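Reading through the structure tokens given below for one structure.
Any read-out appearing in this document is the output of simple, stated calculations on the displayed coordinates, not a laboratory observation. All of these numbers come straight from a predicted model, not from anything done at the bench. Counting neighbours? That spans all protein chains shown, and the Cβs are built from the backbone with ideal geometry, glycine included.
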């Protein structure tokens with residue numbers, strides 16, 4: 001395993017000194033991890049360093065050609081004092097798949113997980129104590145080589161920053177309202193939708209802003225070719241309960257393969273639900289809501305875990321699913337996953353890794 005340099009002093013700020021209202025992604029721990037890559041030399045200079053600004057050339061290729069990928073996973077403080085992470089190896093594997101799609105170097109999964117363990121171990125006092133709060137890890141890789149000309153860079157920086165966070169949505173587990181986007185496109189089959197790269201999210205900001213101005217919390221994207229089949233909700237995968245089954249769109253290359261999505265697929269049968277992956281037309285969803293066959297809709301992802309969707313806006317009309325109350329399936333999934341993550345329930349899947 002690669003040697004990682006660490007500071008001689010300990011991280012200073014304790015979780016007890018954090019504000020009660022953490023928000024999401026607004027506060028950052030005082031240490032971070034960095035590592036550089038040079039073609040021909042590989043990854044090197046691995047170190048935990050003080051959190052601070054990065055020094056990059058204006059000609060750094062990330063600014064001009066968008067070679068950038070990132071991940072997101074969490075560390076949880078259990079009631080018994082342990083701190084644990086949820087499936088960090090899957091985030092490491094997904095980062096490597098993103099790297100391959102963006103023609104960037106991969107990082108051994110074991111090294112990524114080791115970095116996460118060491119960093120969280122040093123920042124254990126930054127893992128918040130508030131109910132439902134956690135320490136969010138944001139591994140990121142960017143192209144740092146200076147130069148212009150469209151080609152893959154030969155130098156990269158990998159870094160991991162950490163943020164104590166509360167709920168992703170200020171409303172917590174309360175249902176949100178989303179709007180179907182039938183004009184703008186986020187990603188297409190053959191594009192970069194399956195990679196966790198910043199450009200995918202930038203492509204959705206205009207539509208998201210317009211939806212929020214109209215009173216919606218987010219966007220439900222449709223496929224790029226036919227503008228007919230639902231795909232995902234910005235930073236979350238989309239699921240419905242239709243005829244008693246949990247149904248979600250298949251991974252065709254335009255949808256991010258979510259870790260939470262995969263987890264729901266694994267636990268669905270144990271929870272007594274049938275889990276189905278198939279294409280879902282927006283017309284089928286609307287008709288399902290109108291007929292009562294579609295009883296729930298929700299988003300799933302690392303940041304919010306499960307977000308109930310109380311209504312779906314489409315072509316100027318809102319179609320109500322569960323209204324202002326979460327549905328029973330969303331509640332069951334949310335409770336099951338968070339109980340495993342916070343150590344309140346046995347983990348039969350070996351998803352949990354104890355840090356300290």
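Determine which residues of the stretch 127-162 fall in the zone a paramagnetic label at residue 65 would reach in this model, i.e. backbone nitrogen under 15 Å from the point 7 Å along Cα→Cβ. 142-157, by backbone N distance to the label point.
For the chain, the longest principal axis of the alpha carbon atoms and the long axis of helix 109-122 meet at an angle near 80°. A simple spin-label model places pseudo-atoms 7 Å from Cα toward Cβ; at residue 138 and residue 100 they are separated by 2.7 nm. Sorted largest first, the principal axis extents computed over the alpha-carbon atoms of the stretch 187-266 equal 34, 30, 25 Å. On C-alpha positions alone, give me the angle between the axis of helix 282-291 and the longest principal axis of the chain, in degrees, nearest 10. Roughly 50 degrees between the two axes.
When the Debye formula is applied to the Cα atoms of the chain, each taken as the same point scatterer, what base-10 log of I(q)/I(0) results at q = 0.07 Å⁻¹? With no solvent term, the Cα-only Debye profile gives -0.31.
The Cα-based radius of gyration and maximum Cα-Cα distance (Dmax) for the stretch 7-86 are 16.8, 49 Å. Out of every Cα-Cα pair that the stretch 22-177 contains, those further apart than 20 angstrom amount to 53 percent. Write down the Kirkwood hydrodynamic radius of the stretch 228-275, to one decimal in angstroms, obtained as one divided by the mean of 1/r over all alpha carbon pairs. It is 11.3 Å. As a size descriptor, the averaged projected area of the C-alpha convex hull of the stretch 176-341 was calculated at 8.8 nm². The angle between the Cα long axis of helix 328-341 and the main principal axis of the chain comes to about 20°, on a 0 to 90 degree scale. Over the stretch 176-341, Cα pairs under 8 Å with separation of 6+ residues give a relative contact order of 23 percent.
Computed from label points 7 Å out along Cα-Cβ, the spacing between residue 78 and residue 171 is 3.4 nm. In the chain, the DSSP beta bridges split such that about 85 percent are antiparallel, to the nearest 5.
Counting helices only, and only those DSSP H runs with n ≥ 4, report the 222 nm mean residue ellipticity of the chain as the sum of -39,500 (n - 2.57) divided by its residues, in deg cm²/dmol to the nearest 500.
-6500 deg cm²/dmol
Scaling the Cα radius of gyration of the stretch 107-195 by the globular reference 2.2 N^0.38 Å produces a ratio of 1.53.
Taking every C-alpha pair closer than 8 Å and separated by at least 6 residues, the mean separation divided by the residue count of the stretch 283-322 gives a relative contact order of 35 percent. Computed on the stretch 17-78, with alpha-carbon pairs under 8 angstrom and 6+ residues apart, the relative contact order is 22 percent. The Cα atoms of the stretch 71-116 cover 43, 16, 10 Å along the three principal axes, with the biggest extent listed first.
With Cα atoms defining each centre, the stretch 1-74 and the stretch 108-169 are spaced 6 Å apart in the structure.
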